[in-house]
Amino acid sequence: MKRLALALLLLSAPALAQDAPAYGPMLEGYDYPFPIQHYRFQSQKVAMDMAYMDVKPAAPNGRTVVLLHGKNFCSATWEGSIRALSGAGYRVIAPDQIGWCKSTKPQHYEYTFEQLAANTHDLLKSLGIARAIVMGHSTGGMLAVRYGLTFPADTERLVLVDPLGLEDWRAKGVPWQSLDAQYQTQLKTTADSIRDYERMTYYAGTWKPEYEPWVQMLAGMYRGAGKEIVAWNSALISDMIYSQPVFYEFENLKMPVLLIIGDKDNTAPGKQLAPPEVRGTLGNYPVLAEAAVKRFSRGKLIRFPDLGHSPQIQDPARFHVALIEALKP
């Protein structure tokens, strides 16, 4: 309620936006909906701190769901899904990946989906979790695919919510952008730029106050003194998304794959850089989803015709009813 009240205040009085909170580079000052824990480890000769939430259900069903957030999100964005899943008996692990939100943002790191998958796998091992349902949204969907390919025996099933990676943007004609150029772009991030992008790309031109807290969460890191390291890691992550497609390996996923799509989604990173004739062919999620599910050996598709890139945020009640039903053994 506190986050929604802040969102309503900022939307009703835009002049106050300059007084919106500024957070530290590890999202210091922003409260998560559940207690934060820390997994500390070494990776690529760097001391890492991976923040995560571990929410145990009142009536356990013996199964665990790992939630992987998208690029413009944090694990806190999964709040509604955490409550729905834990209420249905699932233990829920929701980490902030290295480079995001409350986790370490290194000066130098070779970002690969394999590395992030390995970090997550090691976190689960430290918690004594041998096997889990891995659920990823947006960029987290690409990471979930790579996790399933890298650790198939430890992946009970995948749930991909409007995942990136259902097409290869580079192969389709989205031009390369240098890290220096991406860094300069990320430095210009504001609440307005985040909101405008998400309104047109995620929510089919619509906006609700319920989306605003997540905008302010992300924008707050760009208002703070650590915005340069936040922007640099965001640039590195953008390059990883562009240069490491998972599109060509769908047939290698042998576990059940549940694909959940909002048909109004038109997300395609870098499409604004593509020629007009290419731009119009990108991000056609209904077509991409139908093609992808046929390539999964054990695939199932759920489509929401009226929703966009984040159906779990747009219509959480309907989304979670469908999710919980689909996860039943």
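Annotations for the structure displayed:
- Residues located in the stretch 253-277, provided they are in a helix (DSSP H, G or I) and out of contact with any helix residue (DSSP H, G or I) (no Cβ under 6 Å at 6 or more places or on another chain): GLN272, LEU273, PRO276, GLU277
- Where GLN18 falls short, out of the listed (1) at pLDDT below 95; (2) crowded, with 16+ Cβ neighbours inside 10 Å: (2)
- Residue in the stretch 143-161 that is small (Gly, Ala, Ser) and surrounded by 24 or more Cβ atoms within 10 Å (Cβ to Cβ) present: yes
- Any hit, the stretch 132-151, residues being aromatic (Phe, Trp, Tyr) and touching a helix residue (DSSP H, G or I) at 6+ places or on another chain (Cβ under 7 Å): yes
- The test for being of a type outside the set (Val, Ile, Thr), surrounded by 14 or more Cβ atoms within 10 Å (Cβ to Cβ) and under 30 Å from GLY87 (Cβ atoms) holds for GLY262.
- Any hit, the stretch 111-129, residues being touching a residue at least 60 places away in the same chain (Cβ under 8 Å), closer than 29 Å to ARG223 by Cβ and part of a loop (DSSP other than H, G, I, E, B): yes
- Taken over the stretch 225-252, the residue count meeting the criterion of being among the charged types (D, E, K, R) and within 18 Å of SER103 (Cα to Cα) is 2.
- Scanning the stretch 188-206 finds no residues that are closer than 21 Å to TYR109 by Cα and charged (D, E, K, R).
- Looking across GLY205, GLY283, one residue alone is assigned to a loop (DSSP other than H, G, I, E, B), at positive phi, surrounded by 17 or more Cβ atoms within 10 Å (Cβ to Cβ) and touching a helix residue (DSSP H, G or I) at 6+ places or on another chain (Cβ under 9 Å). It is GLY283.
The values are calculated or read from the model by the stated rules, or taken from the named source; none is laboratory data. Everything numeric here is computed off the predicted structure, so don't read it as measured data. Counting neighbours? That spans all protein chains shown, and the Cβs are built from the backbone with ideal geometry, glycine included.
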